[in-house]
Amino acid sequence: MNYMLASEAEKRIGKINDQVKDLWAYCFEPADNPFFQYYFGKHYEPEHTLVGEENGKVLTTVHLRQYALCVRGAELPVSYMVGVATHPIARRGGLGGQLLSAALTELRRRHQGLTILMPSKAAFYQQYGWDLYAHQWVRTMPLEELRSLSGKELAYGLLAGEEEWTLLAPVYEVYTKKLSGYAVRGEKEWRRLLGSFTAEGVQVAYVHDEKGNVEGYMAYKLGEPEIMVSEMVYTTRRAQKSLLNYLYNHRSQGESVRWNEGLQDTSYIFHPNGKQGYATMPFMMSRIVDVSDAFAQVPARPLEECDGQSKIKKEITLGLTDTLAPWNTGTYRLALGGNRVSAEKISNMPDHAEATITIGGLSLLLMGRLDASDLVYEGRLQASADIVTALDMVFPRENTYINEWW
């Protein structure tokens, strides 16, 4: 099996891009689907799509969507791996793992320390070192039950087109300000997102005060008994209540509503019927591409900001094993101190390190989903108490969130 970017394969072999489209249509949406037409008409990027081909036949693909991810306050270039697909004639032959390994090799060449993906089944990716860093609340309830949760303080507006992305951007920035792991959205990203909404018949409503200041918005789709809300973002509780009131006004067009929100939201505390309609959904997984690059790119808490800094261990040797990306296997000397932790590889063997961690556990630590104490409890980190204390200090837990679908 030969793995290469689709742009390169197109030059060498020809008709590769058509095969990429055919494989997507077979595994996901058919070619006449609005999203398929939108994606391959405007946003398919052969230079960011990895294919596995044999004798000119594309058997497996992964699309490496380019994002800037905000992790602990810093913007990191990452690839969001979507459209992982293998042709039925080649399944159950280990091609999935080979494709993921080849993708990590390509991302390492690009010096991207972390990568993300949304799993259809987390277990498949967990065996290869990915772990879930972001869940979401999923709330489902009859429209009639929204009455007690809604409010009428704000006025409504309906987005007219992509050019009005500037109405939404400030709300998203406030909503994500104290979070980790979310996608940074500039004009390009907003237009891409809103364009996909238009292609799929999704509308965007927003709420604003008497001065026109937008405090919240949501993307929703009508046409089924259950109204689906793919994104609901707000800067105030009254904005969320006003958005729910807007949905309540659709009782003649649907029976129930389903929406997602970040786990950091605490409105469930005040829900009058919180025993029903609540679930958590595994949403996004992360993985280390290259250990040294990941440490160099993700901010750490400087020791001078930590209580009892004089007693904190300043240097740690950390070992790990990575069967999918073998360049990561070994022992690293971590130097704690400034706003980054340097990770120098000092051995290709992890046997004599003071502490050991799984590759998935390390991505959760850097993303902020779990701290070192949590990882010890989960059996993902083996370390002495002083090492755990040091890692807890420089990599504290964060509220993680992301809501990108492709």
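Summary table below
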read-out: Cα Rg, Dmax (largest Cα-Cα span) when computed across the range 10-55, Å; value: 11.0, 32
read-out: Segment Lys188-Arg237, length gained on full extension (0.36 nm per residue, minus Cα span); value: 14.8 nm
read-out: Net charge dipole size for the chain [Lys, Arg +1 and Asp, Glu -1 on Cβ; Debye, nearest 20]; value: 240 debye
read-out: For the chain, calculated [θ]222 nm from helices alone, where every DSSP H run of n ≥ 4 adds -39500 (n - 2.57); value: -8000 deg cm²/dmol
read-out: The range 156-305: antiparallel DSSP beta bridges as a percent of all, rounded to 5; value: 80 percent
read-out: Thr166-Glu315 FRET efficiency (beta carbon distance; Förster radius 45 Å; 0.05 resolution); value: 0.40
read-out: Segment Gln126-Thr323, length gained on full extension (0.36 nm per residue, minus Cα span); value: 69.7 nm
read-out: Kirkwood hydrodynamic radius (C-alpha pairs) into Stokes-Einstein, the range 205-244, 20 °C and 1.002 mPa s, D in µm²/s; value: 201 µm²/s
read-out: Projected label distance in nm at Ser101 and Lys57, using a 7 Å step from Cα toward the beta-carbon; value: 2.2 nm
read-out: Student exercise, the range 126-245 dipole from Lys, Arg, Asp, Glu Cβ charges, in Debye to nearest 20; value: 340 debye
read-out: Cα-based shape type of the range 311-377, given that a ≥ b ≥ c are square roots of the gyration tensor eigenvalues and the cut on a/c is 1.5; value: oblate
read-out: Those lysines that a straight Cα-Cα span of less than 20 Å connects to Lys15, excepting residues fewer than 8 apart in one chain; value: Lys42, Lys57
read-out: Virtual paramagnetic centre 7 Å along Cα→Cβ of Glu200, amide N under 14 Å, in the range 32-52; value: 33-40
read-out: GNM result for the chain, Cα springs below 10 Å: residue of Ser252, Ser180, Ser342 fluctuating most strongly; value: Ser252
read-out: Label-point separation, Ala296 to Leu158 (7 Å along Cα→Cβ), nm; value: 5.1 nm
read-out: Among Leu154, Tyr182, Ala199 - extreme Cα towards positive end, dipole of the range 152-199, charges at beta-carbon; value: Tyr182
read-out: Spread of Cα-to-Cα distances over 10 Å intervals beginning at zero, given as percent, for the range 271-335; value: 14, 30, 23, 17, 15, 1
read-out: Accessible-area value, His87, 1.4 Å probe, nucleic acids and ligands omitted, Å²; value: 40 Å²
read-out: Counting all C-alpha pairs of the chain, share separated by more than 37 Å (%); value: 30 percent
read-out: For the chain, share of DSSP beta bridges that run antiparallel, in % to the nearest 5; value: 85 percent
read-out: Contour minus Cα-Cα distance for Leu263 and Asn2 (0.36 nm per residue); value: 89.8 nm
read-out: Most mobile listed residue (Ala85, Ala296, Ala239) in the chain, GNM with C-alpha springs under 10 Å; value: Ala296
read-out: Estimated translational D of the range 290-406 in µm²/s (Stokes, Kirkwood radius over Cα pairs; 20 °C; 1.002 mPa s); value: 149 µm²/s
read-out: Sites His111 and Ile346 - FRET efficiency at Förster radius 25 Å, r taken between beta-carbons, to 0.05; value: 0.75
read-out: Distance violations [Cα-Cα > 25 Å] among Lys152/Lys221; Lys21/Lys188; Lys313/Lys345; Lys178/Lys221; value: Lys178/Lys221
read-out: Spin-label zone in the range 222-248 - amide nitrogen under 20 Å from a point set 7 Å from the Cα of Asn33 along the C-beta vector; value: 222-231
read-out: Range of Cα positions in the range 127-180 per principal axis (Å), largest first; value: 47, 34, 23
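The values are calculated or read from the model by the stated rules, or taken from the named source; none is laboratory data. Computed from a predicted structure; not experimentally measured. Backbone-built Cβ (ideal geometry, glycine too); neighbour counts: all protein chains shown. Heads up: the accessible areas ignore ligands, DNA and RNA and are worked out on the full protein's heavy atoms, side chains in. Shrake-Rupley method; radii C 1.70, N 1.55, O 1.52, S 1.80 Å.
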